[in-house]
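S.K.: Mind having a look at this structure? Questions to follow.
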Amino acid sequence: MIKEDCGVVGISLQEDSPLIFDYLYYALYTLQHRGQESAGIAINNKEGIFIQKGMGLVSEVFNKKRESIKGDVGIGHVRYSTSGESNLENCQPSLIEKEDELFILAHNGNIVNYKIIKKELESKGHIINSSSDSEIIGHLFIERLKETHDITGAVARLMEELKGAYSVVMLYKNKIVAFRDPLGIRPLCIGELYPKGLIIASESVAIDTLNGRLIRDIKPGEVVILEFGNIIEEKHLVKLEHNSHCMFEYVYFARPDSVIDGRSVYEVRMAIGKLLAQKAKINADFVSPMPDSGVTFAIGYAISSGLPYIESLIKNRYVGRTFIIPNQEERELMVKIKLNPIRNNIDGKRIVLVDDSIVRGTTSKRVVNILRKAGAKEVHLCIGCPPLISPCYFGVDFTTNDELVASQKNIAEISKIIGADSITYASIDDIVKAINIERDDLCISCLTGIYHI
Ligand code: SF4
């Protein structure tokens with residue numbers, strides 16, 4: 001399973017309100033799919049800064065308790081580490097302090113030239129406490145703010161220097177400063193909260209949850225500053241010829257009910273499912289999703305192929321996160337507890353099983369095995385993401401070729417390893433068509449091995 005990178009949220013209200021904590025809490029709850037390792041909230045009010053963060057899910061870190069804290073401005077973060085260790089020190093939001101400057105930062109993405117910048121900052125007396133690349137964004141901001149004496153000017157300098165993916169929300173005095181890298185690799189959008197407030201979030205679904213209204217995406221290379229529930233500045237600082245929106249947000253990361261850069265994730269997945277059906281043309285009894293990741297693709301496949309959509313596996317949604325399972329017997333039991341076949345639907349049937357992606361191939365192998373043991377006559381895999389052949393350096397946790405089965409093996413070999421009768425992958429052209437963004441404006445580096453940065 002690929003772990004998502006991070007989710008960020010920033011909220012600015014017209015006046016101090018006890019709702020600020022609930023807003024941040026529920027927004028993070030909604031963004032939980034983007035990171036399950038740690039969570040944190042920071043709120044600024046007249047008494048000072050409140051920060052609460054810890055390892056675990058949002059519901060665990062905050063212990064379901066609503067802090068009775070008032071404030072007009074706050075940010076939040078859920079994390080899965082793609083750089084830096086997994087420990088409390090690296091939890092965000094991060095408090096950044098030097099001399100008389102102090103602010104709090106939450107970041108989604110990965111800075112590629114992190115080590116070079118860290119060295120430069122340390123030579124200027126900055127003390128970098130964590131091994132996360134996010135902290136250097138904050139220290140670099142302080143350094144550039146000292147030179148420019150202007151928030152927007154400092155962010156513009158940052159954008160010239162930072163290489164990689166970064167969607168950032170900062171809590172600075174009583175402002176939210178939000179910006180997105182000039183390639184727009186990770187998503188970031190802004191919405192309206194009622195009666196009077198603004199929210200910046202990784203995905204629009206966080207805005208929906210709070211009964212808000214999506215206004216628009218933050219543009220690649222844009223900075224937006226909020227204060228007392230209003231936009232006080234918005235500036236498109238760097239405009240490149242092409243963007244590099246992560247295609248994997250559409251096929252895997254984002255929730256299907258989100259809209260990213262103007263495209264409904266649900267519609268993209270449906271369209272990929274339809275294209276898969278047109279290409280695969282498999283003689284089967286029914287089409288079935290891998291729960292839950294393959295559902296939308298499978299619906300698209302069923303509509304286009306005319307095959308019935310029937311579930312063959314039921315996922316136990318109450319199984320906790322990862323934990324160490326000491327022996328093989330228990331591991332097998334755990335797989336069954338997580339995913340149980342519906343034997344009556346499966347026995348003697350030819351099944352098209354649709355999923356979003358194959359990374360190492362281990363999950364697919366287990367699932368095909370479950371279906372075969374339940375009597376499936378044929379299992380044909382259809383996969384929404386083209387073969388992943390190259391690592392991602394922009395915030396996704398497959399960082400070496402060894403972790404990607406398609407980087408070493410061809411489709412026939414992968415089918416054999418997994419034990420499937422056939423595998424049909426969506427092509428790069430299919431996903432570009434389904435996402436409906438120019439190919440040159442999408443990051444597809446993990447599919448091609450060619451990198452923009
Ligand atoms: S390399 Fe792949 S996963 Fe990483 S940003 Fe690009 S498209 Fe997304």
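S.K.: Would you confirm whether or not the range 231-238 contains a residue that is at pLDDT 95 or above, surrounded by fewer than 23 Cβ atoms within 10 Å (Cβ to Cβ) and farther than 24 Å from residue 173 by Cβ?
M.R.: Checked against the condition, which is being at pLDDT 95 or above, surrounded by fewer than 23 Cβ atoms within 10 Å (Cβ to Cβ) and farther than 24 Å from residue 173 by Cβ, the range 231-238 yields at least one hit.
S.K.: Just checking, how many residues over the range 39-56 are more than 28 Å from residue 227 (Cβ to Cβ) and touching a residue at least 24 places away in the same chain (Cβ under 8 Å)?
M.R.: 2
S.K.: Separate question: Please find, within the range 8-30, the residue that is farthest from the chain's Cα centre (by Cα) out of those that are assigned to a helix (DSSP H, G or I) and not aromatic (Phe, Trp, Tyr).
M.R.: Here the answer is 19.
S.K.: A follow-up question, please. Given the conditions (1) open to solvent by 50 Å² or more (accessible area, probe 1.4 Å); (2) modelled with pLDDT of 95 or more; (3) under 30 Å from residue 60 (Cβ atoms), and given that residue 303 satisfies all but one, which numbered condition is not satisfied?
M.R.: The failed condition is (3).
S.K.: Just a yes or no: is a residue in the range 280-291 within 20 Å of the chain's Cα centre (by Cα) and within 30 Å of residue 154 (Cα to Cα)? Walk me through how you get there before you give the answer.
M.R.: At the first step, the residues of the range 280-291 found to be within 20 Å of the chain's Cα centre (by Cα) are 290-291.
If we keep only those that are within 30 Å of residue 154 (Cα to Cα) as well, we get none.
For the range 280-291, residues within 20 Å of the chain's Cα centre (by Cα) and within 30 Å of residue 154 (Cα to Cα): absent.
S.K.: Here are 360, 366, 372: which of them is open to solvent by 20 Å² or more (accessible area, probe 1.4 Å), closer than 17 Å to residue 248 by Cβ and more than 13 Å from the ligand (Cβ to nearest atom)? I'd like the intermediate steps shown before the answer.
M.R.: Numbers: 366 fails: closer than 17 Å to residue 248 by Cβ; 372 fails: closer than 17 Å to residue 248 by Cβ.
Among 360, 366, 372, only 360 is open to solvent by 20 Å² or more (accessible area, probe 1.4 Å), closer than 17 Å to residue 248 by Cβ and more than 13 Å from the ligand (Cβ to nearest atom).
S.K.: When you look at residue 314, is it modelled with pLDDT of 95 or more and over 30 Å from residue 56 (Cβ atoms), yes or no?
M.R.: So residue 314 fails the test.
S.K.: Residues being open to solvent by 10 Å² or more (accessible area, probe 1.4 Å), touching a Lys or Arg at 6+ places or on another chain (Cβ under 6 Å) and more than 16 Å from the ligand (Cβ to nearest atom): count how many of those fall in the range 211-230.
M.R.: Residues meeting the conditions: 1.
S.K.: Which of the residues spanning the range 403-451 are within 12 Å of the ligand (Cβ to nearest atom), open to solvent by 40 Å² or more (accessible area, probe 1.4 Å) and either under 20 Å from the mean Cα position of the chain (by Cα) or under 20 Å from residue 367 (Cα atoms) (or both)?
M.R.: Residue satisfying the conditions is 451 alone.
S.K.: Among the residues of the range 233-240, are any touching a Leu at 6+ places or on another chain (Cβ under 8 Å) and within 16 Å of the ligand (Cβ to nearest atom)? Spell out how you get there, then give the answer.
M.R.: Taking the range 233-240 first, the residues touching a Leu at 6+ places or on another chain (Cβ under 8 Å) are 240.
Then drop every residue that is not within 16 Å of the ligand (Cβ to nearest atom), which leaves 240.
Yes, the range 233-240 contains a residue that is touching a Leu at 6+ places or on another chain (Cβ under 8 Å) and within 16 Å of the ligand (Cβ to nearest atom).
S.K.: Now for a different question. Can you name the condition, by its number, that residue 272 falls short on among (1) buried (at least 24 other Cβ atoms within 10 Å of the Cβ); (2) not assigned by TED's automatic domain parsing to the domain that holds residue 349?
M.R.: Only one criterion is unmet by residue 272, namely (2).
S.K.: Restricting the search to the range 241-294, which residues are in contact (Cβ under 8 Å) with a residue 40 or more places away in the chain, of a type in the set (Gly, Ala, Ser) and within 23 Å of residue 32 (Cα to Cα)?
M.R.: Scanning the range 241-294 gives 254, 258, 262, 293, 294.
S.K.: All but one of (1) surrounded by 21 or more Cβ atoms within 10 Å (Cβ to Cβ); (2) within 16 Å of the ligand (Cβ to nearest atom); (3) more than 26 Å from residue 25 (Cβ to Cβ) hold for residue 163; which doesn't?
M.R.: (1)
A quick yes/no check of all residues on (1) among the aromatic types (Phe, Trp, Tyr); (2) within 16 Å of the ligand (Cβ to nearest atom); (3) part of a strand (DSSP E or B):
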residue	(1), (2), (3)
248	yes, yes, no
252	yes, yes, no
256	no, no, no
266	yes, no, no
274	no, no, no
288	no, no, yes
302	no, no, no
307	no, no, no
314	no, no, yes
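S.K.: Can you pull out the residues in the range 361-413 that are at pLDDT below 90 and under 26 Å from residue 286 (Cα atoms)?
M.R.: Matches in the range 361-413: 362, 363.
S.K.: Looking at the range 332-358, I want the residues that are in the same structural domain as residue 293 (by TED's automatic domain parsing) and touching a residue at least 40 places away in the same chain (Cβ under 8 Å) and have a partner that is among the basic types (Lys, Arg) and in a strand (DSSP E or B) with Cβ atoms under 9 Å, at least 6 apart or on another chain. Which pairs are those?
M.R.: These pairs meet every condition: 339/315.
S.K.: Being in contact with a strand residue (DSSP E or B) (Cβ under 6 Å, 6 or more places away or on another chain), touching a residue at least 12 places away in the same chain (Cβ under 8 Å) and of a type outside the set (Asp, Glu) narrows it down to one of 218, 136, so name that one. Show your work before the answer.
M.R.: Numbers: 136 fails: in contact with a strand residue (DSSP E or B) (Cβ under 6 Å, 6 or more places away or on another chain).
Criteria check complete, one pass: 218.
The values are calculated or read from the model by the stated rules, or taken from the named source; none is laboratory data. Since the structure is predicted, the reported quantities are computational estimates derived from the model, not experimental observations. Don't worry about glycine lacking a Cβ; one is built from the backbone with ideal geometry, like all the others, and counts go over all protein chains shown. Quick note on the areas: whole protein, heavy atoms, side chains included, nothing else; ligands and nucleic acids left out. Shrake-Rupley method; radii C 1.70, N 1.55, O 1.52, S 1.80 Å.
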